[in-house]
Amino acid sequence: MNIAEYKGVFVFAEQREGEIQRVSLELIGKGREIAEKLGETVTAVILGNNIKDKTNTLIHYGADKVLYVDDPALDIYMTEPYAKALAQVINSEKPEIFLIGATTIGRDLAPRVSARIHTGLTADCTGLDIDEESKNLLMTRPAFGGNIMATIVCGDHRPQMSTVRPGVMPLFEKDENREGVVEEVKVKFSKEDRNVEILEVVKEVKQKINIEEANVLVSGGRGIGDPERFEILKQLADSLEGQVSASRAVVDAGWIDRDHQVGQTGKTVRPDLYVACGISGAIQHLAGMEESGFIVAINKDAGAPIFEVADVGIVGDLNKVIPLLVEELAAAKE
Ligand code: FAD
């Protein structure tokens, strides 16, 4: 493999029912930063059926070029046709770096593609950078159950492939005047590319909690005392038009579903406002929320480490502080 032939940062733009997933836009933004360090460009690759009209959005969020494969075979995600199309694009375009969101689809697709094109894959990354000397991609992810952060390089193979957790990278500011190149790629699909048939798509009935997309999070920790107390957190979240999230301690205790967990082994969030209630601020929790826009911490222990990252710290019993906040917010709205 002549690695010098491989150029550019590519991002898989995942869409579901035509809706581009936010993580893909985050990766285009991160891709821009990396591409600028390398003096290269960002290309987004979108696969689907009737998706040409989505290509401009990808340019507005930072892509220089968009390659799209439009085919009925790509209507609903299936591993085989998607892997075939992506492998074809990579083999012909020879990107230096290929980034994919670590969603359920990305986690299925990326290893399949990397095996097909004989390169390495670093899954579930939380950090990406360029090594100044070698210009290799530095891919950082929690390892050994989250006890260490490992930085991995793929020095001898191209592209350097990585899946990246949603919510870790900031969005590039949308610019509707940005212009770029859009090109169609034709892929021939045959019957053999479909070794499964989708008979029916059943959507999960349970309301899907997506704390990564909330602008405001009111997060509860062990200090809330018992699971029923999430109700007062919910009231505060409602008055701030936000959602409830949690530390791992209360998730492990079974007080709330794992979808709500913030932190190194949970979700990485970056809301405009994060209100930490009865959370001590362990390093593994901070890893998931310290990039939030504005952090308010309520804790009865003035020495709790959460206060070190808080913009506003309230030392007090959350059972008293939260109802007062809810009252004040209601009064302010009147
Ligand atoms: P505690 O540390 O017990 O803190 C409770 C806080 O509540 C205390 O500061 C206390 O002063 C305060 N308090 C008590 N009563 C009140 C009251 N009435 N009013 C106000 N304040 C009150 N943790 C995560 O959150 N997310 C992760 O993803 C995660 N991953 C991990 C991965 C690994 C490999 C390991 C080893 C640990 C991980 N942890 C994670 C666990 C982490 O180390 C902490 O144990 C956990 O975050 C503690 O949760 P907590 O802050 O809710 O509880």
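The values are calculated or read from the model by the stated rules, or taken from the named source; none is laboratory data. The model shown is predicted, which means the values in this text are computed figures rather than measured ones. Backbone-built Cβ (ideal geometry, glycine too); neighbour counts: all protein chains shown. What goes into the accessible areas is simple: the full protein's heavy atoms, side chains included, and nothing from ligands, DNA or RNA. Shrake-Rupley method; radii C 1.70, N 1.55, O 1.52, S 1.80 Å.
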Stretched fully, the stretch from V196 through L171 gains (0.36 nm per residue minus C-alpha distance, one decimal, in nm) 5.5 nm
Carbon plus sulfur, as percent of the 1.4 Å-probe accessible area of the stretch 239-334, comes to 52 percent
With the label point 7 Å along the Cα-to-beta-carbon line of D156 and a cut-off under 20 Å to each amide N, the hits in the stretch 78-100 are 96-98
Given backbone amide H placed at 1.01 Å from N, residues whose amide H is under 5 Å from that of F98, ignoring those fewer than 5 places away on the same chain, are F10, Q160, M161, S162
Loop-resident GluC sites (Glu not before Pro) in the stretch 1-103 with no more than 16 other Cβ atoms inside 10 Å, DSSP not H/G/I/E/B, are E17
Residues whose built amide H sits under 5 Å from the amide H of G313, excluding neighbours closer than 5 in sequence, are A297
Dividing the helical contributions, -39500 (n - 2.57) per DSSP H run of n ≥ 4, by the residues of the chain yields a 222 nm value, nearest 500 deg cm²/dmol, of -8500 deg cm²/dmol
Rounded to whole Å², per residue accessible area for the chain with a 1.4 Å probe reads 50 Å²
Of the stretch 285-300, those with amide N under 15 Å from the point 7 Å along the Cα→Cβ vector of D257 are none
For the stretch 42-151 the trypsin sites (Lys or Arg not before Pro) that pass both the DSSP coil test and the at-most-13 other-Cβ-within-10 Å test are K135
Over the chain, the quotient of the Cα radius of gyration and 2.2 N^0.38 Å is 1.09
Helix 104-116: inclination vs the chain longest Cα principal axis, degrees, rounded to 10, gives 30 degrees
Distance in nm between K52 and F189 label points, each 7 Å along Cα→Cβ, equals 1.7 nm
Quick shape summary for the stretch 243-334, equivalent ellipsoid via Cα gyration tensor, semi-axes whole Å in descending order, reads 21, 15, 14
If one compares the long axis through the Cα atoms of helix 318-333 with the longest principal axis of the Cα atoms of the chain, the angle in degrees, nearest 10, works out at 80 degrees
On the accessible surface of the stretch 1-56, probed at 1.4 Å with all protein chains in place, carbon and sulfur together account for a percent value of 39 percent
Between the Cα axis of helix 79-93 and the main Cα principal axis of the chain, the angle (0 to 90°, nearest 10) is 60 degrees
Output for the stretch 74-165 (equivalent-ellipsoid semi-axes, sqrt of 5λ from the C-alpha gyration tensor, Å, descending) is 23, 17, 9
At the level of C-alpha centres, the distance separating the stretch 167-246 and the stretch 29-83, in angstrom, is 19 Å
In whole angstrom, largest first, the equivalent ellipsoid semi-axes that the Cα gyration tensor gives for the stretch 1-107 are 21, 16, 12
